[in-house]
């Protein structure tokens, strides 16, 4: 049995809104994705939510805003943690690394379905490195 058992995920939020004031220019659009992570602990069950916000409705620089939020449920098996990694490290790094690809797929799908712009593919991230660089800050990546 695994130290951190992934029980499944659900989509908490998925939205796309077109920026009607967007002005297309002959330059690359910087959508500046922001990742937020939150955790809840209930005895041996752990909930981890990864939320990504891409784009903006403010101003004319971004053509849309997308919000995708996925909540995963995990179970920590302390008896299997022979390396004494600890629940905090496993949740902060492994759980986010498990959930982030689901968020990436949702963002790509919804932006592709808009039929106005090509699909936006979130960059891959090294979760451990990003979280270490940010410390305990809840915002994981820009």
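The values are calculated or read from the model by the stated rules, or taken from the named source; none is laboratory data. Please read these numbers as outputs of a predicted model, since none were measured by experiment. Methodologically, a virtual Cβ is constructed for each residue, glycine included, from the backbone with ideal geometry; neighbour enumeration extends over all protein chains shown.
So here's what we get for this one:
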read-out	value
Residue in region 93-108 that is assigned to a loop (DSSP other than H, G, I, E, B) and under 18 Å from residue 36 (Cα atoms) present	no
Filter pass, residue 75 being under 24 Å from residue 126 (Cα atoms), modelled with pLDDT of 85 or more, assigned to a strand (DSSP E or B) and more than 19 Å from the chain's Cα centre (by Cα)	yes
Strands (runs of 3 or more DSSP E) lying entirely in region 1-61 (those with 1 or more residues that are under 25 Å from residue 77 (Cβ atoms) and free of Cβ contacts under 8 Å to residues at least 24 places away in the same chain)	34-42
